[in-house]
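The values are calculated or read from the model by the stated rules, or taken from the named source; none is laboratory data. Fair warning: this is a prediction, and the values are worked out from it, not measured in the lab. Positions of Cβ are backbone-derived with ideal geometry, glycine not excepted, and every protein chain shown enters the neighbour counts. For accessibility, only protein heavy atoms count, side chains too; no ligands or nucleic acids. Shrake-Rupley method; radii C 1.70, N 1.55, O 1.52, S 1.80 Å.
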Amino acid sequence: GLRPPEDAAPDGETDRALDALLDQAAIALERADLMEDRARGEARAETEALRSALLTSLGHDLKTPLTSIRGAVATLRSSGDSLSPETRADLLAAAEEETERLSRWIANILDIVRLESGEVRPRREDVDLCDAAEAAAARAGVAVTLDVPDGLVAARLDPMLLDQVLANLLDNARKYSGPEGRVAIRGWREGTEVAMAVEDDGPGIPREDLGHVFDPFFRATRADRVAAGS
């Protein structure tokens, strides 16, 4: 009759080996489940932290325009007839300006929600970076020195998102530029890619804060100057 090979393990040893493999597999699965639970927990914690930061920011930054609007309306209601036309016009202009500020805030908040939820789907098309920089500077109302070559290759990206990025950077440069308020937009080619930079002559960002500049609502503050905004 047939005989097992001489090096074949006895049935008992085979069972023990299988049991050991099953135990290791069970431990590995349990560890994977724990890691998945931990990842979900960390994601929930990050979401809660972002929500808390957003609510804190709203409570702080929306309070000022609302207070201004309420004060202007209350003054017009109680003393409108006795005010000069110039004073009434100033109060209405202040209320209008603060209302526009609130509208911009709400639009930014909606953009944050859309970005965080992954709803934004960038489209790609050829964009003339020189034209994009000039348009963003004009809308921002900032005096900008442009150093973007006319012959720079057109980048394939979402023009609306690029405009938003440039608007944010230009607003930041305006707030934190030096006494002379010099702001520049540069563009250059790096191999097959194109790079852009928005620069100002302000104090810059402390080295220890550089790793946090893309954290939600993080601000690098300095004792001698804190600009408005989140």
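For the chain, set up a Gaussian network in which alpha carbons nearer than 10 Å are linked by springs, and say which option among A74, A25, A39 fluctuates the most.
It is A25.
May I ask for the angle, rounded to the nearest 10°, between helix 159-176 and the longest principal axis of the chain, with both axes built from Cα atoms and the value confined to 0 to 90°?
Once rounded, the angle reads 60 degrees.
Can you give the calculated 222 nm mean residue ellipticity of the chain, where each DSSP H run of n ≥ 4 adds -39,500 (n - 2.57) and the sum is split over every residue, rounded to the nearest 500 deg cm²/dmol? Show your work: numbers first, answer last.
Numbers: 5 runs with 130 residues, N = 230.
The helix contribution divided over the chain gives -20000 deg cm²/dmol.
Once you have the alpha carbon radius of gyration of region 134-202, what is it after dividing by 2.2 N^0.38 Å, with N set to its residue count?
Relative to the rule-of-thumb radius for its length, region 134-202 sits at 1.11.
Per 10 Å bin from zero, what fraction in whole % of the C-alpha pairs of region 61-173 is there, up to the bin with the longest pair?
Taking every Cα pair in region 61-173, the percentages come to 12, 28, 26, 19, 11, 3, 0.
Between D19 and R77, what length comes free when the chain is fully extended (0.36 nm per residue of separation minus the Cα-Cα distance, one decimal in nm)?
12.5 nm
Among 109-120, 132-143, 89-100, what's the highest-first ranking by average C-beta atoms within 10 angstrom per residue?
Put in order of decreasing packing, that is 132-143, 89-100, 109-120.
Mind listing the phi-derived Karplus ³J(HN,Hα) values for region 99-105, rounded to whole Hz, using 6.51, -1.76 and 1.60 with θ = phi - 60°, and x for any glycine or proline?
So the J values, rounded to whole Hz, are 5, 5, 4, 4, 4, 5, 4.
For the chain, what is the largest minus smallest coordinate of the Cα atoms on each principal axis, given in angstrom and ordered from greatest to least?
For the chain, the Cα extents along the three principal axes come out at 117, 54, 36 Å.
Could you do me a favour and compute the accessible area per residue for region 135-214, 1.4 Å probe, result in Å²?
For region 135-214, the solvent-accessible area averages 64 Å² per residue.
Taking 8 Å as the Cα distance limit and 6 or more residues as the minimum spacing, I'd like the relative contact order of the chain as a percentage.
For the chain, the relative contact order is 14 percent.
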